[in-house]
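Have a look at the structure below before the remarks.
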Amino acid sequence: MEKSQYGRKDRLIQPKQHDMYLGASKLPEPTVCTGCNALFANGRWTWKEPPESVHRAVCPACRRIADNYPAGLIEITGAFFREHRDEILNLVRNVESQEKNERPLERIMAISQEKEHTQVSTTGVHVARRIGEALLRSYKGDLSFQYADSDKIIRVYWKR
């Protein structure tokens, strides 16, 4: 194998993938989301009160919701779920509420009932994973995760 001063030559260069919803450039500070009123300040989105003069833009979470392009999909199935649907969905909403308070870009987009399962779509991978972990912690069952690296998407499957 040939080696140069810049490293190995036999490896393919892997371009860095980035989330197209996070934007290529940093927003001017402070910026308020026109959809949800989240504030971008000090390099992150928060729920703080905005100052009097602010820039306006749409946050990545509101853009995902408008485009109907989730970053997380949670599939919930099983007889136990059918018997305890309301209780389990309350847990899902409570986890989302806690996560959204700390990270405004992590939200539930929709909860839909399919033929054999219920699907929860989220604006971020972290809230999807936290919901799956909360389901496992609270109700046991089977939990699995599937990441799609190139798209920054997670699929979470929980069954009991």
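The numbers here are math on the coordinates, done by the rules we state, and not lab data. Since this is a predicted model, take the numbers as computed values, not measurements. Heads up, the Cβs are rebuilt from the backbone with ideal geometry, glycines too, and the neighbour counts pull from every protein chain shown.
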**Request:** Compute the signed sum of charges (Lys and Arg +1, Asp and Glu -1) over the other residues within less than 11 Å, Cβ to Cβ, of Asp142.
**Result:** +3
**Item:** Relative counts (whole %) of C-alpha pair distances in region 66-159, using bins that are 10 Å wide
**Value:** 17, 54, 26, 2
**Asked** Of the peptides 103-113, 34-44, how do they stack up when ordered by the mean number of other Cβ atoms within 10 Å, highest first?
**Response** 103-113, 34-44
**Item:** Length gained when the stretch Ala66-Gln98 is fully extended (0.36 nm per residue, less Cα-Cα span)
**Value:** 9.3 nm
**Prompt:** Just how large is the dipole of region 66-159 about the Cα centre, in debye to the nearest 20, putting +1 at every Lys and Arg Cβ and -1 at every Asp and Glu Cβ?
**Reply:** 140 debye
